[in-house]
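Okay, so here's the structure we're looking at.
Please treat every number below as a calculation from the coordinates, not as lab data. Since the structure is predicted, the reported quantities are computational estimates derived from the model, not experimental observations. For neighbour counting, all protein chains shown are included, and Cβ atoms are generated from backbone atoms with ideal geometry for every residue, glycine included.
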Amino acid sequence: MQFSLQMGHVNSCSSEKYWNQYVKGSQKPVLVYFYLSYSGRSEQFYTDVADLARKHPNVNFFKVDVELLKSIAKAYDVNGTACVLLMPNENKELVVRGKFSKMDKEELEKFLKSHL
């Protein structure tokens, strides 16, 4: 299977191979959006994340369905939906401060900018 990465978009991470190659192997800062496909709240929050992806092409944006990639969600202690993980560089992961379940777009953008 051939994987691709689109700048300025929220890329769908559907396998551990994709996660390792594009998320963990990214040379740019990474923002990961964890969601449940059947959650209305996740869909609303996704719109905000997609807007940020268009505004920040210097950051690689990904979405991970926690039901599909349970091992990755578990590794980052994601137990809810509409959570965000920010990895500003390959040696740093903002797991605790980078997960938000109820955040508006302005707060999320401020958080992103403050760690880049």
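Structure data summary
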| quantity | calculated |
| --- | --- |
| Per-residue Cβ neighbour rank within 10 angstrom, fewest leading, TYR38, TYR46 | TYR38, TYR46 |
| Anisotropy class of the range 11-77 from Cα gyration tensor, a/c 1.5 cut | oblate |
| Of LYS17/LYS70; LYS17/LYS55; LYS24/LYS70; LYS55/LYS113, pairs whose Cα-Cα distance is over 23 Å | LYS17/LYS55 |
| All aspartates and glutamates inside 16 Å of LYS28 as judged from Cα atoms, apart from same-chain residues fewer than 8 positions distant | GLU90, GLU93 |
| Cβ-based exposure ranking for LEU112, LEU85, LEU31, in which fewest neighbours within 10 Å come first | LEU112, LEU85, LEU31 |
